[in-house]
Structure formats: structure tokens, C-alpha cells
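Scroll down for the structure; my scribbles are underneath it.
The values are calculated or read from the model by the stated rules, or taken from the named source; none is laboratory data. Worth saying up front: this structure is predicted, and the values here are computed from it rather than measured. FYI the Cβ positions are ideal-geometry reconstructions off the backbone, even for glycines, and counts take in every protein chain you see. Just so you know, the surface numbers come from the protein's heavy atoms only, side chains and all, with ligands and any DNA or RNA stripped out. Shrake-Rupley method; radii C 1.70, N 1.55, O 1.52, S 1.80 Å.
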Amino acid sequence: MREQRHVLTPPAPGTTRELLSLHFGPAGGRKAYLQAALHADEPPGLLVAWHLRQLLAEAEAAGLLRGEIVLVPMANPIGHAQRLLGRGIGRFELPSGENFNRQYANIAATAYAQLRPPIAAGTLPDIASVRAALRAACDGLPGPSELESLRKTLLTLAIDADLVLDLHCDNEAVMHLYTTPTLWPALTPLAQLLGAELALLADDSGGDPFDESCSLTFSRLNALHAQAGGADQAWPEACVAATIELRGETDVCHEHATADARALFGFLQIQGFIAGATPTLPPLRRAPRPLAGSMPLYAPHGGVLVHRAALGAELRRGDPVVDIIDPLSGVCSTLASPVDGVLYARESGRVVHSGTRVSKVSGTEELRSGQLLSA
Ligand SMILES: [Zn+2]
């Protein structure tokens, strides 16, 4: 295992932070990239990465690694240092208010411009050449702020990978994952191994989250190539990427984390990064659903939040999901499920303000459009 340290742009003199990446197995061939806790106060991924790190070290010592596996065990040193009145603030950068998992660069146009000479000469560059162009495009990204340099560093580490897995969690949630419909067949075994209750699919979620900046690159390049008159040629979808939501933020225990790390390890075996017998796949828990069918419920007023439905419950439209009780007026507002669907995530605080998203129910019909991810 090789360690690399990546220095971020210092926000002020004397305040340098760095990102650590761990590199297992032989570089130069196929590459898998995994990172934990891009939203810094999402600890399940940190523990899973710690267990996975040991599994990978053992596999490397046994000579079983067939490709490079890059593990960033703590993807957000900026967010980890943010505390306000004793509480961690990991989703947004405090100085800018920006979400750490949004606004990743779309570098397809820059890379495509670099690929134009061989294309003009009649040759569609191979995947290795495309990846070299993607790396060059990442090198050229600006990184004037600490946050932008973090985004640039993470994207540079992942952009030439065959597989990208971004480990997150929700407030309170069942195991679920996000990816595109195109990539879902490749990721189905991962959902099976993780015991995911749900996979939420979208061609483009909006907001440019990290995984999509990797996974959408080849479809974006193909779109540019088609616009330039090359519709008869296309690159394959060479980057399989997903965001994995490792249940809720307090679901931090060795039982879950060892099972999740073994699931990731097993998927790396299936993908050919690790030699050895591949694991038996348990059945898929549920067919994937459109992210556009995930319906948020919002508190109409502030008060005490009382969850009335269990996580993972199959709800019918009209079933009660939460009560919100205003202690002053005595009003109790019951929010009902807007669709038949699975209650897969919910708010962890039990006192909420008006407008708080308190629950997410995943239905089967596409009812939303535009920005499909929360802020
Ligand atoms: Zn997250």
C-alpha cells in the first residue's frame, strides 16, 4: 500500500490541510476508487473504510490484487474540522455555504477539445487516450479556494477509474444507493451484496454530485462527438459510479461496517480487481426506482417531530408518516404519504422548523423533474 498526501490550497497563512489517499495493488491498469464521508459528519463510511483498508491490505499481502484500488478514507478534511457550538458541520462549507457534494466540474468539453486532432484524422481515441485527456482537463481546473482545491483533488484521483464508489449516509435511513439507469446492471450485484433496500436511478440528478461527474463523463463525450458529426461512433460507458448511502448517521457499529466492507470487497472481486472465488449473491431486495419518484415531505410548521412509520415500511398513499406538534397552539399536523412507496429516509432531529424535509418516500412513478437531489 502506498500513501499519497495531497495539499489543499490554504485558506489563510498557517492553515494548510491535506487529503490522504491509500493506493493498493498495481497501478497502470484497471482502477477502482472509493472515498468515505465527503459530507464529513457521515461516519458510517469512515468505519467501513477502516475495515475495508484491512481487507485490502491482507489481499495485497497475499498477492491477490489485479488492479489498483484507491481508497480515500476521509474525503473531507475541511468539513471534519468544522464545528459550531460543539456540533460537527459536515454537509456545507461554512465560509461559502456550498454543499461539499455539488458543483463538481464537467470537464467533457475540455477533454473533447484535446481529443479533436486524432478524431479529425479519422481515429476514435481509445479509452486510455480519453483518460489521459480527462486527467489533463482536471489538471487545468482552477483551485483558488480550499474547497475548490478539494473538489479538484478528489476528481483528479477518480476521473480515470473504471469504478467509483462514494460512501455517504442519510440522517436516518435504510441502505440505498444512487446511480444511472445505464450503469444499474453493472451495479446490481453490489446492491445485492450490500442488502440495499433500494436503488434510486436518474440519468442526471442535477447539481453535479461527485459520482455523476465521473460516471456521466463518457455519455457527455459521446454527446459532444455526436454533435460534431460522429454519431456513428461512441465510447463505451467506461466509468461505473454510484453513491452509496450506508443507512443513517448513527448506524455506526462493527457489525454493519464489517458486513458492508465485505460487500464492497466482494464487489471488487466480481469486478476483477481482486482474485479469488467471488461471493454468492443474495437476491435483490427490490427493483430499482426512479429518483424522480422519490417524494419529500416537508414540515408545514415548526414543532416536535414524531415519526409514525418505521424505516423501510411499504406505505400506501394516504398512510400517516409523521406528526408535527406545535406545543403552543396544540396543533398536531399529520403528514401522509403522497404515493405508494417505501419510507427510506427521514429526519434525525426531533424538533424541526417549518420547511424541514422530514421524510422521503420512494414511489415508482416519475413525479418530479429538475434538481432531484436535496440542497
Ligand atoms: Zn452525504
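Within the range 255-277, restricting attention to residues that are open to solvent by 10 Å² or more (accessible area, probe 1.4 Å) and hydrophobic (A, V, I, L, M, F, W, C), which residue is nearest to the chain's Cα centre (by Cα)?
Filtering first and then ranking leaves Phe265.
Within the range 38-66, being open to solvent by 10 Å² or more (accessible area, probe 1.4 Å) and either within 14 Å of the ligand (Cβ to nearest atom) or not aliphatic (A, V, I, L, M) (or both) holds for Asp41, Glu42, Pro43, Leu46, Trp50, His51, Arg53, Gln54, Glu58, Glu60, Gly63, Arg66. Inspect all residues belonging to the range 90-105 and state whether any of them is open to solvent by 60 Å² or more (accessible area, probe 1.4 Å), among the acidic types (Asp, Glu) and at pLDDT 95 or above. No, the range 90-105 contains no residue that is open to solvent by 60 Å² or more (accessible area, probe 1.4 Å), among the acidic types (Asp, Glu) and at pLDDT 95 or above. Residues in the range 125-147 that are open to solvent by less than 50 Å² (accessible area, probe 1.4 Å) and part of a loop (DSSP other than H, G, I, E, B): 4 in all.
Here Gly25 meets the list (1) surrounded by fewer than 22 Cβ atoms within 10 Å (Cβ to Cβ); (2) more than 21 Å from His168 (Cα to Cα); (3) more than 21 Å from the chain's Cα centre (by Cα) almost entirely, failing just condition (1).
Restricting to the range 272-296, what's the tally of residues that are assigned to a loop (DSSP other than H, G, I, E, B) and in contact with a strand residue (DSSP E or B) (Cβ under 7 Å, 6 or more places away or on another chain)? So that I can check it myself, show each step before the final result.
If we filter the range 272-296 for residues that are assigned to a loop (DSSP other than H, G, I, E, B), which is where we start, we get 272-273, 275-288.
If we keep only those that are in contact with a strand residue (DSSP E or B) (Cβ under 7 Å, 6 or more places away or on another chain) too, we end up with 273, 286, 288.
Summing the residues that are assigned to a loop (DSSP other than H, G, I, E, B) and in contact with a strand residue (DSSP E or B) (Cβ under 7 Å, 6 or more places away or on another chain) in the range 272-296 gives 3.
Scanning the range 213-229 for residues that are open to solvent by 10 Å² or more (accessible area, probe 1.4 Å) and either among the charged types (D, E, K, R) or within 16 Å of the ligand (Cβ to nearest atom) (or both) yields a single hit, Arg220. Can we say Gly312 is of a type in the set (Gly, Ala, Ser), at pLDDT 95 or above, open to solvent by less than 60 Å² (accessible area, probe 1.4 Å) and outside any helix (DSSP H, G or I)? So Gly312 fits the description; yes.
In the range 128-175, the qualifying residues are those that are more than 16 Å from the ligand (Cβ to nearest atom) and touching a Gly at 6+ places or on another chain (Cβ under 7 Å), and the one that is farthest from Arg220 (Cα to Cα) is Ser149.
Picking from residues in the range 80-136 that are out of contact with any Lys or Arg (no Cβ under 8 Å at 6 or more places or on another chain) and β-branched (Val, Ile, Thr), the one that is nearest to Leu147 (Cα to Cα) is Ile107. Scanning the range 96-106 for residues that are under 24 Å from Arg5 (Cα atoms) and more than 16 Å from the ligand (Cβ to nearest atom) yields a count of 1. Just the residues that are open to solvent by 20 Å² or more (accessible area, probe 1.4 Å), outside any loop (DSSP other than H, G, I, E, B) and touching a Leu at 6+ places or on another chain (Cβ under 8 Å), please, taken from the range 324-375. Of everything in the range 324-375, those that are open to solvent by 20 Å² or more (accessible area, probe 1.4 Å), outside any loop (DSSP other than H, G, I, E, B) and touching a Leu at 6+ places or on another chain (Cβ under 8 Å) turn out to be Leu335, Arg346, Val351, Arg357, Lys360. Scanning the range 10-37 for residues that are small (Gly, Ala, Ser) and either away from the ligand (no atom under 16 Å from the Cβ) or in contact with a Ser or Thr (Cβ under 9 Å, 6 or more places away or on another chain) (or both) turns up Ala12, Gly14, Ser21, Gly25, Ala27, Gly28, Gly29, Ala32. If you go through the range 267-281 one residue at a time, do you hit one that is over 27 Å from Leu373 (Cβ atoms), polar (S, T, N, Q) and touching a residue at least 12 places away in the same chain (Cβ under 8 Å)? Yes, the range 267-281 has at least one match.
Using the structure shown, decide if Asp232 is within 16 Å of the ligand (Cβ to nearest atom), of a type in the set (Asp, Glu), open to solvent by 30 Å² or more (accessible area, probe 1.4 Å) and not in a helix (DSSP H, G or I).
Numbers: within 16 Å of the ligand (Cβ to nearest atom): no; of a type in the set (Asp, Glu): yes; open to solvent by 30 Å² or more (accessible area, probe 1.4 Å): yes; not in a helix (DSSP H, G or I): yes.
Taking the combined requirement at face value, the residue does not satisfy it.
Screening Ile127 against (1) more than 25 Å from Leu56 (Cβ to Cβ); (2) over 21 Å from the mean Cα position of the chain (by Cα) leaves a single unmet condition, (1).
Does the range 184-200 hold any residues that are away from the ligand (no atom under 14 Å from the Cβ) and either in a helix (DSSP H, G or I) or touching a helix residue (DSSP H, G or I) at 6+ places or on another chain (Cβ under 6 Å) (or both), and which are they?
Restricting attention to the range 184-200, the residues satisfying the condition of being away from the ligand (no atom under 14 Å from the Cβ) are 184-199.
Passing the criteria: Trp184, Pro185, Ala186, Leu187, Thr188, Pro189, Leu190, Ala191, Gln192, Leu193, Leu194, Ala199.
Give me a count of the residues in the range 236-266 that are in contact with a Ser or Thr (Cβ under 9 Å, 6 or more places away or on another chain) and more than 16 Å from the ligand (Cβ to nearest atom). The number of residues fulfilling the criteria is 5. Of all residues in the range 154-179, those that are farther than 16 Å from Pro44 by Cβ, open to solvent by 10 Å² or more (accessible area, probe 1.4 Å) and polar (S, T, N, Q) total 1.
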